[in-house]
Structure formats: C-alpha cells, structure tokens
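Read-outs: derived from the displayed coordinates by stated rules, not from any lab. Values in this document were obtained by computation on a predicted structure and should not be read as measured data. Cβ atoms come from the backbone with ideal geometry, glycine included; neighbour counts cover every protein chain shown.
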C-alpha cells in the first residue's frame, strides 16, 4: 500500500520585527487499524516514508559556510509513536523544530528506523524505513511535516518569509509473507471521504 500526498505549508511569518516558524502539517494516515491489529503478533511490517521538496538557493551565498544559508527553508517529518496522544505528538514536534533552530540535540526514537532522525535530514529528499510489528504500526497513524531554518528566515530584508513551500510525502507499508488484504479497508475509508 502506498500513499502519496502533495501539500504545501508556509514555513515562516513575520511577527513584529522577528521572523518565526509558522505551519506544521499533520497527515492522518488511513491505516487499516483493525486489519493490522488482527495480524499475528510476530508479523513484521515495514513503513517507508519519503519527503521531497524544492528549495530556493540563496542568491547571495556561494559557499556552504552555514547549513542554513544555502537553502531557502528545510522541511522535516516525524511519525507519531505508539501510545503517544495526538496532543503529545504535536508538542514533541514543536519542541523538535525549536531544538533544530537552536542547534540542540533532541531525543530520537531508537532502534526502529534504518537511518534515524539525525541522518535522514540531509538534503531536500528525506527518506527512512521503519521496521516493527503490525500492532505498533496501527498505533502510529499520523505524520507531521514541519519547517526548519533557512535563508527565508535569516534574510528578512528579501521578504521571502511569506512564501509557501510545496512538498510531496510518500508513505508505503509492506507486510511480508502475509495474505491479509490491507488495501480494501483503506480504499473503503478513502472512498467515504471523497465528495462527488
């Protein structure tokens, strides 16, 4: 099963004389929760998340002196953890965005991601694969896309802080060696949301 979402957000806004981060987009994933929870406990699943976006190169910088000076903005993704409420997830993502702005280290989820949060944030295509049980995946359900620093924020005189940034989010899940139909419950859920 693969989900492809194209969306946009406004990374920054002007508050008085300061430029601050603005939008965080939450994507609700139409997981077949009951079907995933019904799978045997030892069933392993794989979720691959890819976030892709275009940056605007800094018109005045030639080198890579500072990682926030070349790209107009950066985007990151994070997935809700099992047993984490939606409110706690939003608070954690907000804290991660603030930590990245101030170059502080954040506490990352260990052991389930192939690359991990620190390696997957390089460039403007971020991709990582999570491995775990079907029950754990059923509890995740949300992916957040949020902005981090870039020259749109650092060079306020160019007045780019009000621009929107488009992105594509691709999420695929695989269950190996299982005959359970995970596509039909998702198709039914999506069809109920489409207005004709």
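At-a-glance table
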quantity: Net lengthening on full extension, residue 88/residue 168 (0.36 nm per residue, minus Cα-Cα); calculated: 26.3 nm
quantity: Fully extended contour minus Cα-Cα distance, from residue 125 to residue 159, at 0.36 nm per residue; calculated: 9.7 nm
quantity: Highest average packing first - 84-92, 144-152, 6-14, Cβ atoms within 10 Å; calculated: 144-152, 6-14, 84-92
quantity: Long-range tail of P(r) for the stretch 1-41 (Cα pairs > 14 Å, %); calculated: 66 percent
quantity: Packing-based ranking, highest mean first, of 16-28, 42-54 given that Cβ atoms within 10 Å are counted; calculated: 42-54, 16-28
quantity: Rounded FRET efficiency, nearest 0.05, which uses the C-beta distance separating residue 42 from residue 10 and R0 of 30 Å; calculated: 0.10
